[in-house]
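*Asks:* Can you keep this structure in mind? I'll have questions shortly.
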């Protein structure tokens with residue numbers, strides 16, 4: 001009887017191993033692609049690996065990586081947040097205006113305000129999606145326009161200049177610790193927290209369950225609406241956070257900060273192996289995707305390729321990534337079926353025996 | 001089906017009401033000149049939104065439309081710069097290009113079975129990128145004035161550009177196909193349940209493939225119009241137009257999940273959005289702030305019916321409870 005009880009568990013672990021290996025392969029794959037790109041570029045021009053160049057690269061990917069982290073959390077629940085670019089713009093301009101109207105504002109207060117503003121925007125999205133049960137694509141396409149419009153109305157003709165910002169705030173945007181920019185460290189902290197939450201917390205796991213099959217998740221007693229609401233608040237808060245970092249990095253702000261960046265963020269997430277229909281992927285992959293997209297942009301000119309090829313390369317990469325995911329998924333599905341089938345075959349005679357014994 | 005007609009009617013009523021009110025309060029709204037500019041704005045968006053609506057009705061989406069438009073512009077400009085000077089040849093080549101680009105989307109979606117949202121985000125970047133590869137940051141602008149003038153010429157005796165007749169023709173053809181033929185009913189069936197319609201003998205993959213080809217070709221046509229209207233082929237032509245087109249389709253009553261909606265509503269929504277934008281511009285509302293109106297309309301268009309349905313369901317449940 002004990003053998004009987006163990007067998008299905010055994011199957012499940014073996015299934016999990018296969019599934020886990022898939023994710024490792026997927027993230028390893030994008031990591032390898034990134035490494036390959038860096039190595040080739042460095043061989044062509046060793047200065048690509050100079051400290052300054054690496055710093056620029058990290059600085060360049062920071063904002064996209066933070067946005068991608070938030071987006072990944074939303075996409076995992078089988079939703080999408082197209083409003084992140086507008087939230088970033090709104091938050092960046094709000095922070096700039098705050099420093100203009102209250103020059104002595106401490107930096108942490110400004111940070112908290114940006115994050116809170118982003119979270120509020122995310123809450124609007126989440127409320128419409130979770131309570132009014134409206135598709136996320138439509139709602140966030142709408143709030144993409146609305147938030148950007150508010151930003152424009154607020155900022156008409158105004159511009160916040162670097163001179164209006166406290167020096168300490170701007171220094172945060174460019175300073176580096178041991179060669180690593182402070183902003184990138186922020187991104188790493190966000191990433192590790194998000195990654196740990198998704199992996200280790202019950203509510204984090206539930207996000208995957210919702211993304212795999214919302215109806216089944218609901219039947220299992222998962223508060224689907226509340227979790228999705230939470231995912232959008234987090235995505236909004238991270239976009240707000242990214243807005244503050246944007247302000248610190250660029251100093252000069254008008255209403256166009258982060259415009260048209262939403263599809264780039266989704267692209268980073270997809271390239272990073274988060275399935276667009278939810279239920280699988282990780283924030284690490286999404287962040288790697290963001291770094292890869294940024295690196296391509298930096299590497300092409302070094303490789304002597306016209307920078308005009310950059311967008312085309314990104315597009316090709318997205319198609320390759322989803323194609324690869326498809327193939328890998330099919331493989332995993334087959335392996336799982338084989339394992340599942342074998343265990344059924346093994347268990348069936350046992351069960352009969354067990355029944356006779358009983 | 002009844003809800004769909006009510007929605008079409010609602011959009012049209014909103015449009016008429018708005019024009020009536022704005023015509024009284026805003027100087028210049030409703031003048032022939034005003035309609036000329038509205039229609040010039042409607043033409044490219046409608047050319048894209050109409051076939052896109054069919055794609056959305058089958059439960060797919062195409063976000064690459066504006067990039068197809070942009071790539072077509074640059075190829076048209078480059079061909080002209082290389083000395084291809086026959087207008088019909090140029091138009092045919094552009095349409096073929098658009099169809100091919102749409103076919104790429106279609107192959108990825110139907111043959112490889114990839115989600116269209118992800119595929120067309122990829123081709124959105126790819127096609128726009130290729131547009132930059134073709135022209136870089138240059139612009140080709142030295143077209144014969146007869147071409148550029150003819151593209152926006154008015155119907156004799158009116159101020160309305162003749163190209164709107166092409167839009168109307170497209171709308172009628174697609175409308176008849178969608179609303180009065182088995183093919184059209186098949187599109188709704190696919191959107192409602194692709195698996196069931198496959199069992200019912202509808203070739204789901206082939207239908208979707210051709211819809212992507214159609215959308216690509218129409219986006220290319222919009223690109224030709226765009227090039228001649230602004231007398232400029234640039235790689236960044238119509239950047240971001242995909243979201244405007246999707247917004248029009250959804251505001252027009254097409255469900256993002258597929259299976260529901262009609263072309264009358266979509267066309268009315270395109271006109272409504274263009275009218276709003278032009279009228280408010282005349283009222284000195286800054287153009288960029290108008291995005292608030294577009295966005296709110298879009299959200300209201302989905303939240304309204306959903307909340308109404310939920311309220312109706314709740315009411316019905318309560319009645320059922322009191323009855324027992």
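The values are calculated or read from the model by the stated rules, or taken from the named source; none is laboratory data. Keep in mind that what you see is a predicted model, and the values were worked out from it rather than measured. Heads up, the Cβs are rebuilt from the backbone with ideal geometry, glycines too, and the neighbour counts pull from every protein chain shown.
*Asks:* It is to be established whether one or more residues within region B:235-244 are within 12 Å of chain A (Cβ to nearest Cβ), buried (at least 24 other Cβ atoms within 10 Å of the Cβ) and more than 20 Å from residue A:139 (Cβ to Cβ).
*Replies:* Within region B:235-244, one or more residues are within 12 Å of chain A (Cβ to nearest Cβ), buried (at least 24 other Cβ atoms within 10 Å of the Cβ) and more than 20 Å from residue A:139 (Cβ to Cβ).
*Asks:* If you don't mind, there's one more thing I want to ask. Within region A:145-157, how many residues turn out to be closer than 11 Å to residue B:292 by Cα and more than 7 Å from every other protein chain (Cβ to nearest Cβ)?
*Replies:* Total meeting the criteria: 2.
*Asks:* Does residue B:165 satisfy the condition of being at pLDDT 90 or above and within 14 Å of another protein chain (Cβ to nearest Cβ)?
*Replies:* Here the answer is no, as residue B:165 does not meet what is asked.
A quick yes/no check of all residues on (1) surrounded by fewer than 18 Cβ atoms within 10 Å (Cβ to Cβ); (2) within 8 Å of chain B (Cβ to nearest Cβ); (3) under 20 Å from residue A:65 (Cβ atoms); (4) out of contact with any strand residue (DSSP E or B) (no Cβ under 9 Å at 6 or more places or on another chain):
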position: A:278; (1), (2), (3), (4): no, no, no, yes
position: A:281; (1), (2), (3), (4): no, no, yes, yes
position: A:284; (1), (2), (3), (4): no, no, yes, yes
position: A:290; (1), (2), (3), (4): no, no, yes, yes
position: A:296; (1), (2), (3), (4): no, no, yes, yes
position: A:308; (1), (2), (3), (4): no, yes, no, yes
position: A:312; (1), (2), (3), (4): no, yes, no, yes
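*Asks:* Go through region B:160-190 and count every residue that is closer than 30 Å to residue B:41 by Cα and part of a helix (DSSP H, G or I). Write out each step before concluding.
*Replies:* The initial filter retains those residues of region B:160-190 that are closer than 30 Å to residue B:41 by Cα, namely B:160-180, B:184, B:187-188.
Pick out the ones that are also part of a helix (DSSP H, G or I) and you get B:163-180, B:184, B:187-188.
Number satisfying all stated conditions: 21.
*Asks:* Here is a check on your reading of the model: is residue A:238 modelled with pLDDT of 90 or more and within 30 Å of residue B:239 (Cα to Cα)?
*Replies:* So residue A:238 passes the test.
*Asks:* Oh, and also: Could we say that residue A:225 is buried (at least 24 other Cβ atoms within 10 Å of the Cβ), within 14 Å of chain B (Cβ to nearest Cβ), at pLDDT 85 or above and over 30 Å from residue A:176 (Cα atoms) here?
*Replies:* The answer is no for residue A:225.
*Asks:* Looking at B:300, B:308, B:287, which one is surrounded by fewer than 17 Cβ atoms within 10 Å (Cβ to Cβ), at pLDDT 80 or above and more than 7 Å from chain A (Cβ to nearest Cβ)?
*Replies:* Only one candidate passes the filter, namely B:300.
*Asks:* Which one of these does residue A:304 not meet: (1) under 30 Å from residue B:106 (Cβ atoms); (2) at pLDDT 80 or above; (3) surrounded by fewer than 13 Cβ atoms within 10 Å (Cβ to Cβ)?
*Replies:* (1)
*Asks:* Filter region B:197-209 for residues that are surrounded by fewer than 18 Cβ atoms within 10 Å (Cβ to Cβ) and assigned to a helix (DSSP H, G or I); which is nearest to the other protein chains (Cβ to nearest Cβ)? Give the derivation first.
*Replies:* Here is the first cut: in region B:197-209, the ones surrounded by fewer than 18 Cβ atoms within 10 Å (Cβ to Cβ) are B:198-201, B:203, B:205-206.
Applying the additional criterion that residues be assigned to a helix (DSSP H, G or I) yields B:198-199, B:205-206.
Working: B:198: 19, B:199: 22, B:205: 15, B:206: 20 Å.
Among residues in region B:197-209 that are surrounded by fewer than 18 Cβ atoms within 10 Å (Cβ to Cβ) and assigned to a helix (DSSP H, G or I), the one nearest to the other protein chains (Cβ to nearest Cβ) is B:205.
*Asks:* State yes or no: is residue A:99 in contact with a strand residue (DSSP E or B) (Cβ under 8 Å, 6 or more places away or on another chain) and modelled with pLDDT under 90? Outline the logic, then answer.
*Replies:* On the way: in contact with a strand residue (DSSP E or B) (Cβ under 8 Å, 6 or more places away or on another chain): yes; modelled with pLDDT under 90: yes.
It is true that residue A:99 is in contact with a strand residue (DSSP E or B) (Cβ under 8 Å, 6 or more places away or on another chain) and modelled with pLDDT under 90.
*Asks:* Any residue that is crowded, with 22+ Cβ neighbours inside 10 Å, assigned to a loop (DSSP other than H, G, I, E, B) and in contact with a helix residue (DSSP H, G or I) (Cβ under 6 Å, 6 or more places away or on another chain) - is there at least one of those in region A:233-240?
*Replies:* The answer is no, given that none of the residues of region A:233-240 is crowded, with 22+ Cβ neighbours inside 10 Å, assigned to a loop (DSSP other than H, G, I, E, B) and in contact with a helix residue (DSSP H, G or I) (Cβ under 6 Å, 6 or more places away or on another chain).
*Asks:* Something else: Any idea which of (1) closer than 30 Å to residue A:127 by Cβ; (2) away from every other protein chain (no Cβ under 14 Å) is the one residue A:79 doesn't satisfy?
*Replies:* Condition not satisfied by residue A:79: (2).
*Asks:* Here is a list: B:254, B:266, B:224. Which entry is more than 12 Å from chain A (Cβ to nearest Cβ) and within 20 Å of residue B:178 (Cβ to Cβ)?
*Replies:* Only one candidate qualifies: B:266.
*Asks:* Return the residues of region B:274-324 that are within 14 Å of residue B:14 (Cβ to Cβ) and more than 30 Å from the chain's Cα centre (by Cα); say none if nothing qualifies.
*Replies:* Listed by number, the list is empty, since nothing qualifies.
*Asks:* Now for a different question. Before we move on, is residue A:321 within 12 Å of chain B (Cβ to nearest Cβ), touching a helix residue (DSSP H, G or I) at 6+ places or on another chain (Cβ under 6 Å) and at pLDDT 85 or above?
*Replies:* Values: within 12 Å of chain B (Cβ to nearest Cβ): yes; touching a helix residue (DSSP H, G or I) at 6+ places or on another chain (Cβ under 6 Å): yes; at pLDDT 85 or above: no.
Criteria not met by residue A:321.
*Asks:* Pick from A:168, A:173: which is modelled with pLDDT under 90, in contact with a strand residue (DSSP E or B) (Cβ under 9 Å, 6 or more places away or on another chain) and either assigned to a helix (DSSP H, G or I) or within 14 Å of chain B (Cβ to nearest Cβ) (or both)?
*Replies:* Only one candidate qualifies: A:173.
*Asks:* Let me ask something additional. Can you name the residue in region B:227-252 that is assigned to a loop (DSSP other than H, G, I, E, B) and under 13 Å from the mean Cα position of the chain (by Cα) and is also nearest to residue B:75 (Cα to Cα) among such residues?
*Replies:* B:238
*Asks:* Of all residues in region A:122-143, how many are more than 18 Å from residue B:59 (Cβ to Cβ) and more than 7 Å from every other protein chain (Cβ to nearest Cβ)?
*Replies:* Of the residues in that region, 10 qualify.
*Asks:* Something else now. Which number in (1) within 17 Å of residue A:65 (Cα to Cα); (2) buried (at least 24 other Cβ atoms within 10 Å of the Cβ); (3) within 14 Å of chain B (Cβ to nearest Cβ) marks the one condition that residue A:211 misses?
*Replies:* Among (1) within 17 Å of residue A:65 (Cα to Cα); (2) buried (at least 24 other Cβ atoms within 10 Å of the Cβ); (3) within 14 Å of chain B (Cβ to nearest Cβ), the lone unmet condition for residue A:211 is (1).
*Asks:* On to the next question. Out of B:220, B:194, B:233, I need the residue that is in contact with a helix residue (DSSP H, G or I) (Cβ under 6 Å, 6 or more places away or on another chain) and under 15 Å from residue B:170 (Cβ atoms). Which one?
*Replies:* Going through B:220, B:194, B:233 in turn, the sole match is B:220.
*Asks:* Oh, and also: Tell me which helices (runs of 4 or more DSSP H) are completely within region B:50-145 and hold 3 or more residues being in contact with a strand residue (DSSP E or B) (Cβ under 6 Å, 6 or more places away or on another chain), surrounded by 20 or more Cβ atoms within 10 Å (Cβ to Cβ) and in contact (Cβ under 8 Å) with a residue 12 or more places away in the chain, or say none if there are none.
*Replies:* Answer list for region B:50-145: B:65-82.
*Asks:* Of all residues in region A:334-358, count the ones that are surrounded by 13 or more Cβ atoms within 10 Å (Cβ to Cβ) and modelled with pLDDT of 75 or more.
*Replies:* Number of matching residues: 2.
*Asks:* Tell me, yes or no, whether region A:148-160 has at least one residue that is under 29 Å from residue A:230 (Cβ atoms), buried (at least 16 other Cβ atoms within 10 Å of the Cβ) and without any contact (Cβ under 8 Å) to a residue 24 or more places away in the chain.
*Replies:* There is at least one residue in region A:148-160 that is under 29 Å from residue A:230 (Cβ atoms), buried (at least 16 other Cβ atoms within 10 Å of the Cβ) and without any contact (Cβ under 8 Å) to a residue 24 or more places away in the chain.
*Asks:* Here's something else I'd like to know. Out of A:43, A:57, A:88, report the one residue that is more than 14 Å from chain B (Cβ to nearest Cβ) and closer than 12 Å to residue A:242 by Cα.
*Replies:* Of the residues listed, the single one that is more than 14 Å from chain B (Cβ to nearest Cβ) and closer than 12 Å to residue A:242 by Cα is A:88.
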